[in-house]
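Enquirer: Can you read through this structure? Questions will come right after.
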Amino acid sequence: TAPTTDSTEINTNAADDKYLQQPLVSHIYTADPSAHVFNGRIYIYPSHDTATGTPENDNGDHFNMMDYHILSMDAVGGKVTDHGVALHVKDIPWAGRQLWAPDAAFANGTYYLYFPVKDKQDVFRIGVATSKTPEGPFTAEKEPIKGSYSIDPCVFKDDDGSYYMYFGGIWGGQLQRWNNNKYDSAGKLRQPDEQAILPRVAKLSADMKSFAGPVKEVKVVDSAGKLYKEKDNDRRFFEAAWMHKYNGKYYFSYSTGDTHNIVYAIGDNPNGPFTYKGVLLSPVEGWTNHHSIIEKDGKWYLFYHDIQLSGKTHLRNVKVTELKHNADGTITTIHSQR
Ligand code: FUB
């Protein structure tokens, strides 16, 4: 498709930011980039996609990742360093298979890596591992975080020093198996007219290794305050939660229904509710869409992935582009282009 000429959209083909649409690294496949600024440097905590030959199926078994590599760079557009294996599935005592999208946080003089992986019963749980350096290597705790489930943790630090974990992913991510924080292996996807399944949030304890209170549902509502139905595929939650704060407002963003837009919803407190505002990234090449948002040196950036290098949905590559908040608090939609 031709580059957009609409001035309200960020044109990732603009001559002066050509590097923004190139994969950040091409020697390994990477996806689900959770970016953070630690000590003035950008660290990216991605999934490490691997061609294991696992046959493709509806549960996402072909996303059979075994380890994490952390990437870092001084600034967007700068040289990217791959710090090597930061954590391997064989070093997580309780893990079975499939290391999916991670995130990281810094507190108590320690770096925490949060990761979803199926346990030995093939149920996704969220684990935590620690390191004294942002690039690892990380040492995993012996058990998953008590009360955790499903996938795609995003750990957000609020201005008052509290940390919250947002998480959940439907279908292969198993969120449909959890109701009132109870597991039902037969849990089904919702019918079109039923209320859509909601993402989850839990406040983290001071030790950063446990939940301080019960896991709660995150309400995303329309402009009339109504929750979405399953059939509202363009707006309801699917996976890939991220939280950022801008001008005192909480921006909750995620990948939608079976349409895989990255959309955002705005709220006044970290637990929600959040009111749907619009699309911030349209679907990318490949089945999944997963992002993070950071501020560095006064500019905002969107990290995301597509499948430019491989053409295969489970072998992705991470990218970065600039993100623009408009004067009215909305975000300019980015259309991923090659
Ligand atoms: O990387 C595996 C899964 O694909 C992630 O957990 C989802 O968000 C999707 O990107």
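The values are calculated or read from the model by the stated rules, or taken from the named source; none is laboratory data. Bear in mind that the values here come from a model prediction, so they are computed numbers and not experimental data. Ideal geometry is used to build each Cβ from the backbone, glycine not excepted, and the neighbour counts take in all protein chains shown. Surface accessibility is based on the protein's heavy atoms, side chains included, excluding ligands, DNA and RNA. Shrake-Rupley method; radii C 1.70, N 1.55, O 1.52, S 1.80 Å.
Enquirer: Only residues that are more than 13 Å from LYS146 (Cα to Cα), surrounded by 14 or more Cβ atoms within 10 Å (Cβ to Cβ) and within 22 Å of the chain's Cα centre (by Cα): list them for the range 181-226, please.
Expert: ALA196, ILE197, LEU198, PRO199, ARG200, VAL201, LYS216, GLU217, VAL218, LYS219, VAL220, VAL221, listed by residue number.
Enquirer: Would you mention how many residues in the range 114-155 are out of contact with any Asp or Glu (no Cβ under 9 Å at 6 or more places or on another chain), assigned to a loop (DSSP other than H, G, I, E, B) and aliphatic (A, V, I, L, M)?
Expert: Of the residues in that region, 2 qualify.
Enquirer: Of the conditions (1) open to solvent by less than 40 Å² (accessible area, probe 1.4 Å); (2) within 16 Å of the ligand (Cβ to nearest atom); (3) in a loop (DSSP other than H, G, I, E, B), ASN233 satisfies every one except a single condition; which number is it?
Expert: (2)
Enquirer: Regarding GLU141, is this residue closer than 26 Å to TYR163 by Cβ, of a type outside the set (S, T, N, Q) and open to solvent by 20 Å² or more (accessible area, probe 1.4 Å)?
Expert: Answer is yes for this residue.
Enquirer: Can I ask one more? Evaluate the following for TYR68: is it aromatic (Phe, Trp, Tyr), within 16 Å of the ligand (Cβ to nearest atom) and modelled with pLDDT of 95 or more?
Expert: yes
Enquirer: Can you tell me which residues in the range 95-144 are of a type in the set (Asp, Glu) and either touching a strand residue (DSSP E or B) at 6+ places or on another chain (Cβ under 9 Å) or at negative phi (or both)? Outline the logic, then answer.
Expert: Taking the range 95-144 first, the residues of a type in the set (Asp, Glu) are 103, 119, 122, 135, 141, 143.
Those that are of a type in the set (Asp, Glu) and either touching a strand residue (DSSP E or B) at 6+ places or on another chain (Cβ under 9 Å) or at negative phi (or both): ASP103, ASP119, GLU135, GLU141, GLU143.
Enquirer: Which one of these does TYR43 not meet: (1) over 21 Å from PHE156 (Cβ atoms); (2) hydroxyl-bearing (Ser, Thr, Tyr); (3) more than 13 Å from the ligand (Cβ to nearest atom)?
Expert: (1)
Enquirer: Specify the residue that is surrounded by the fewest Cβ atoms within 10 Å (Cβ to Cβ); the eligible residues are those in the range 156-175 that are on the phi < 0 side of the Ramachandran plot and within 15 Å of the ligand (Cβ to nearest atom).
Expert: Applying the first criterion (on the phi < 0 side of the Ramachandran plot) to the range 156-175 yields 156-160, 162-167, 169-170, 172-173, 175.
Cutting the leftovers down to within 15 Å of the ligand (Cβ to nearest atom) gives us 165-167, 169-170, 172-173, 175.
Details: MET165: 25, TYR166: 24, PHE167: 29, GLY169: 28, ILE170: 24, GLY172: 19, GLY173: 23, LEU175: 26.
Top of the filtered list is GLY172.
Enquirer: Of the residues in the range 98-116, how many are open to solvent by 10 Å² or more (accessible area, probe 1.4 Å) and within 16 Å of the ligand (Cβ to nearest atom)?
Expert: 1
Enquirer: Moving to a separate point now. For the condition in contact with a helix residue (DSSP H, G or I) (Cβ under 9 Å, 6 or more places away or on another chain), part of a loop (DSSP other than H, G, I, E, B) and free of Cβ contacts under 8 Å to residues at least 12 places away in the same chain, what is the one hit in ALA186, ALA224? Break it down stepwise before answering.
Expert: Working: ALA224 fails: in contact with a helix residue (DSSP H, G or I) (Cβ under 9 Å, 6 or more places away or on another chain).
Going through ALA186, ALA224 in turn, just one is in contact with a helix residue (DSSP H, G or I) (Cβ under 9 Å, 6 or more places away or on another chain), part of a loop (DSSP other than H, G, I, E, B) and free of Cβ contacts under 8 Å to residues at least 12 places away in the same chain: ALA186.
Enquirer: Would you be able to tell me the number of residues in the range 269-287 that are on the phi > 0 side of the Ramachandran plot and either open to solvent by 30 Å² or more (accessible area, probe 1.4 Å) or within 17 Å of the chain's Cα centre (by Cα) (or both)?
Expert: Within the range 269-287, the first condition is being on the phi > 0 side of the Ramachandran plot, and the residues that meet it are 272, 278, 286.
From what is left, the residues that are either open to solvent by 30 Å² or more (accessible area, probe 1.4 Å) or within 17 Å of the chain's Cα centre (by Cα) (or both) are 286.
Of the residues in that region, 1 qualify.
Enquirer: Which ones in the range 184-220 are among the aliphatic types (A, V, I, L, M) and farther than 27 Å from GLY161 by Cα? Reasoning before the result, please.
Expert: Pass one, the range 184-220, residues among the aliphatic types (A, V, I, L, M): 186, 189, 196-198, 201-202, 204, 206, 208, 212, 215, 218, 220.
Selection gives ALA186, LEU189, ALA196, ILE197.
Enquirer: Could you tell me whether any residue of the range 239-246 is assigned to a strand (DSSP E or B), on the phi > 0 side of the Ramachandran plot and either without any contact (Cβ under 8 Å) to a residue 24 or more places away in the chain or open to solvent by less than 10 Å² (accessible area, probe 1.4 Å) (or both)?
Expert: yes
Enquirer: Which members of the range 14-61 meet the condition of being among the aromatic types (Phe, Trp, Tyr), open to solvent by 50 Å² or more (accessible area, probe 1.4 Å) and at pLDDT 95 or above? Lay out the reasoning, then the answer.
Expert: As a first pass, look at the range 14-61 and keep what is among the aromatic types (Phe, Trp, Tyr): 19, 29, 38, 43, 45.
From what is left, the residues that are open to solvent by 50 Å² or more (accessible area, probe 1.4 Å) are 19, 29.
Answer for the range 14-61, where residues must be among the aromatic types (Phe, Trp, Tyr), open to solvent by 50 Å² or more (accessible area, probe 1.4 Å) and at pLDDT 95 or above: just TYR29.
Enquirer: Restricting the search to the range 156-183, which residues are outside any helix (DSSP H, G or I) and among the small types (Gly, Ala, Ser)?
Expert: Going through the range 156-183, the residues outside any helix (DSSP H, G or I) turn out to be 156-170, 174, 178-183.
Within the range 156-183, GLY161, SER162, GLY168, GLY169 meet the criteria.
Enquirer: Test of understanding: among HIS305, HIS290, which residue is within 14 Å of the ligand (Cβ to nearest atom), in a loop (DSSP other than H, G, I, E, B) and buried (at least 24 other Cβ atoms within 10 Å of the Cβ)?
Expert: Values: HIS305 fails: in a loop (DSSP other than H, G, I, E, B).
From the options HIS305, HIS290, the qualifying one is HIS290.
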